[in-house]
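A.B. asks: Structure provided below as structure tokens; questions to follow.
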Amino acid sequence: MADDTSRKRKVRGKKITASREQKDGRKAKKQLARTASNAGERNGDSPLSDPETVVPEPFVETDAVRSLRDRINGWLEADQPVHLIGPTGCGKTALALSAAAERGRPVVWLNGDEAVDTAALVGSHAGGERYEENDQFVSGVSKKTEIVRERWVDNPLSVAVREGATLVYNEFSRSDPAAHNVLLSVFEEGVLERPGKHGDDRTIDVHPEFRAILTSNDVEYAGVHEQQDALLDRFIGVHVDYYDDETEREIVAAHVDLSEDEIATIVDTTRALRDDLEIVVGTRAAITAAKGLTVFDGNTENDEDGKFDDETLANVFTDVLAPKIAGENGGDIDDLRSQITETV
Ligand SMILES: Nc1ncnc2c1ncn2[C@@H]1O[C@H](COP(=O)(O)OP(=O)(O)OP(=O)(O)O)[C@@H](O)[C@H]1O
């Protein structure tokens, strides 16, 4: 019988553990990212998650959100992988997870980065596995033989195609395009080949319920790694942008405890800055600014008309957006502050 270590399996991902109790979607996302970077560190985990546990909390559903999600799920139903492309912080990840959950199949999460190679997708050998065979064929004679066998560990793509899961591959375009060669035969021929694995089970037949949703930042998509055309050709591309102001207000309101007027001021400012500034001002920036304003606007609680002091508003947005400027010289931040003050 296999000894104890042989039963432990190492996998690159682990379960998505975001729970309903988590107040902030960002927390869930961070946790998901950690999940992927925990590659191979944990034993006995499967990267499969229950669909009910993957949607970040809070998650707001407006007509705009539902319509996009229906579009994604429609294409998945038509057995087409979907590539969500859009600016930073517009809600791609939350949307992808919500669409994945909607399918009701297990979800496998994968985070793209430079370190993702073919082995990280499909699996690899993970050292030897020791067996002891007790041969008592001849009565009264006991012969023990130790056998060492190479242990193979499947990674998220292998698990997802075998189990018919929905693969959510976040920041897909950050990974090296060469790692994605294995995806071609998955989508084209319904077969996953596991290079490095020998014998009959070198390939896995893709489960009929396997689907994939990929997300990419629109700037990185064009700029970081050019993914091969043959692969991109097989995806449906859904370009997403920032939501309408009503939806953005509802999203921000779901994350912080502020009045309707205050939320409206924050979202209006965010949208004006989005138009005026050259840097990306996402919905995440609006949520972060709202969180800051609950602390820095001293009058928030007694403020009858729900107006923030302009200077506080400008300061908070400057801090929120400051990481986006290179900051090569002090002038950049001053420029940013004065542009924001002007808009406010
Ligand atoms: N429908 C929604 N309901 C509630 N919060 C949402 C919703 N959509 C997005 N958010 C929030 O907006 C922020 C940005 O969303 P998300 O992380 O999904 O964007 P993204 O486009 O994937 O960003 P990035 O490109 O940086 O990965 C997060 O804090 C997320 O919780």
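A.B. asks: Looking only at the range 261-280, which residues are assigned to a loop (DSSP other than H, G, I, E, B) and away from the ligand (no atom under 12 Å from the Cβ)? Before the answer, list the steps.
C.D. replies: Initial filter on the range 261-280 (assigned to a loop (DSSP other than H, G, I, E, B)): 277-280.
Listed by number, the residues that qualify are 277, 278, 279.
Quick grid of which residues meet (1) within 20 Å of residue 286 (Cβ to Cβ); (2) more than 13 Å from the ligand (Cβ to nearest atom); (3) open to solvent by 30 Å² or more (accessible area, probe 1.4 Å); (4) under 14 Å from the mean Cα position of the chain (by Cα):
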site: 52; (1), (2), (3), (4): no, yes, yes, no
site: 63; (1), (2), (3), (4): yes, no, yes, no
site: 69; (1), (2), (3), (4): no, no, no, no
site: 77; (1), (2), (3), (4): no, yes, yes, no
site: 88; (1), (2), (3), (4): yes, no, yes, yes
site: 98; (1), (2), (3), (4): yes, no, no, yes
site: 105; (1), (2), (3), (4): no, yes, yes, no
site: 121; (1), (2), (3), (4): no, yes, no, no
site: 127; (1), (2), (3), (4): no, yes, yes, no
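A.B. asks: Here's another thing I want to ask about it. What strands (runs of 3 or more DSSP E), lying completely within the range 198-260, carry at least 3 residues that are of a type in the set (A, V, I, L, M, F, W, C) and open to solvent by less than 50 Å² (accessible area, probe 1.4 Å)? Write out each step before concluding.
C.D. replies: On the way: elements: 203-205, 211-217, 236-239.
Those strands (runs of 3 or more DSSP E) span 211-217.
For (1) in contact with a His (Cβ under 7 Å, 6 or more places away or on another chain); (2) at pLDDT below 90; (3) within 16 Å of the ligand (Cβ to nearest atom), each residue gets a yes or a no:
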position	(1), (2), (3)
286	no, no, yes
292	no, no, yes
306	no, yes, no
312	no, no, no
325	no, yes, no
340	no, no, no
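The values are calculated or read from the model by the stated rules, or taken from the named source; none is laboratory data. Computed from a prediction, not measured in an experiment: that's the story for all the values here. Cβ: placed from backbone, ideal geometry, glycine included. Neighbour counts: every protein chain shown. Just the protein is used for accessible areas: all its heavy atoms, side chains included, with ligands, DNA and RNA removed. Shrake-Rupley method; radii C 1.70, N 1.55, O 1.52, S 1.80 Å.
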